[in-house]
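Heads up, the thing below is written out as structure tokens.
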Amino acid sequence: MLKLLSKNIFIYGGVNALKSLVPLLMLPILTKHLTLADYGVLSIVETSILFITPFVLLNIHAAINIEYFKLEQVELKKYITNAFMLSLIAFLMLIVTASIFGEYFASLLGIESSLVVLMVVFAMLRVVSSVLLGVYQSRQEPIKFALFTLSQTLFDFVLSYVFVVIYKYGYIGRLEGMYSIYGIFSLFGLYILMKMDYLGKITFKYTKDILHFGLPLIPHAVSGTIMAMSDRYFISYFEGNEQVGLYTVAYQISALMLLVSMSVNQAWSPMLFRLLKNKNIVHVKKITLLLFVLFIFTAVSIYFLQNILFSIFVNENFYSAKEYFGWLLLGFVFQSLYFLVTNLLFFEKKTKFLATLTITAALINIMLNYLLIQEFGTIGVAYATAITWFLFLVVVFLLTIKIIKVKYANN
């Protein structure tokens, strides 16, 4: 099992590393062709898309990943088809809402009103890819996962480069390049799912189960986005969009930690679910401890390599972003360790608890952002991120230990 886990971690890690090169390689391009303020606006728009996505996605990809190990092929096909129909209904409802309140949201965010409806469309374009990649992950087919992801990443970079550098569309060009490719690959993804016999006649048989699993996770996902992205809004309001640009640079470099932990989690979670299904908690504990050590080692390595990383990926005019790097990295370490312990809660379908906990953590994060940015400036939101993820990790860890003692005590 460790050999297979190592192989899959290597593949997922390579895929995520190459995928992460797009924002890193776009960094010098965007900072050359955009002003700091425009780069900040781009960050605000992308943050808003991430905020909208859970309301369209309805966490159907997570539900499908769990049911993959519980349903036979015929029923899983109905489940996936049902899930897509619910996502489509949610999309149509949000389009209507965006059309009615578009002007208000545009003035609130300081963007063009036409972008409000487009942000909902952009969010919808993420759905098919999320589901297909989740299926590949559950089937433990990392090669197919890699081919789909890297093809999408390559075309994303090329088209974004053409729109930003050659046609000089500014930050709009980056958005158009990215989501044009998402649209094309969504159609391709639907074709693949049909060929794999995972799509069939329209059915709403599993609607209650999907919504029971997914709806509580919407505030969980939104609150997670708030914890990850609300700092940009606070910086924009109190410090200006130029500081948003600097902070985003530090965020992207320190997010290398997240790259490693997400790759590990993608490889580990399907194996974990199989072990939990068989109540093999001994192996779960051993491998989790091993991954815990791996994350700590990775974080220390990234910290001591920060000067090299900045010299490779960041123009020297942005080196002042290093001030935020350490605290953001620490926050990502806590988030990575959270990934290790929260999978058990997903398997046990403790989504309502996770939703409540994440909402609470998001409210704490908002409060800390508000207080600390006024006291310490931009670095205050980095403090808030690290503190929030530490508290979140501790509570989830304690609950996970409790579940193991109660349900897996004799294993």
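Below is a table of values for the structure above.
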item: In Hz, Karplus ³J(HN,Hα) per residue of the range 365-377 (6.51, -1.76, 1.60; θ = phi - 60°; x = Gly, Pro); result: 5, 4, 4, 5, 4, 5, 6, 6, 5, 6, 7, 10, x
item: FRET efficiency estimate (nearest 0.05) - Cβ-Cβ, residue 307 to residue 187, R0 45 angstrom; result: 0.55
item: Gain upon complete extension [residue 95, residue 151; 0.36 nm per residue less C-alpha separation]; result: 17.3 nm
item: Cα→Cβ-extended label distance, 7 Å offset, between residue 371 and residue 144, nm; result: 5.0 nm
item: Lysine pairs meeting the criterion (Cα under 17 Å, 8 or more apart or interchain), as found in the range 68-196; result: 4
item: Shape of the range 106-175, Cα gyration tensor, a/c cut at 1.5; result: oblate
item: Sequence-distant aspartates and glutamates (8 or more away, or on other chains) whose Cα lies within less than 14 Å of residue 279; result: 348
item: Neighbourhood net charge (14 Å Cβ-Cβ; Lys/Arg +1, Asp/Glu -1) for residue 202; result: +4
item: Zone of residue 394's modelled label, taken as backbone nitrogen in the range 257-289 under 20 Å from a point 7 Å along Cα→Cβ; result: none
item: Where labels lie 7 Å past Cα in the beta-carbon direction, separation of residue 162 and residue 215 in nm; result: 4.4 nm
item: Neighbour-limited loop hits for trypsin sites (Lys or Arg not before Pro), the range 77-147 (at most 15 other Cβ within 10 Å; DSSP other than H, G, I, E, B); result: 139
item: Loop-located GluC sites (Glu not before Pro) in the range 56-131 whose Cβ has at most 13 other Cβ within 10 Å (DSSP); result: 72, 112
item: Tensor-based shape of the range 248-376 (alpha-carbon gyration tensor, a/c under 1.5 rounded, otherwise prolate or oblate); result: oblate
item: In the range 176-214, chymotrypsin sites (Phe, Trp or Tyr not before Pro) in a DSSP loop with at most 15 other beta-carbon atoms within 10 Å; result: 204
item: Cα-projected label distance for residue 242 with residue 203, points at 7 Å along beta-carbon direction, nm; result: 5.9 nm
item: Dipole of the chain, positive direction: furthest Cα of 249, 369, 338, with charges on the beta-carbon; result: 338
item: The chain - charge dipole about Cα centre, Lys and Arg +1 at Cβ, Asp and Glu -1, debye rounded to 20; result: 1940 debye
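Every number here is computed from the coordinates shown, using simple stated rules; none is lab data. Owing to the predicted nature of the structure, the values given are computational and were not obtained by experimental measurement. No Cβ is skipped: glycine too gets one built from the backbone with ideal geometry, and neighbour counts run over all protein chains shown.
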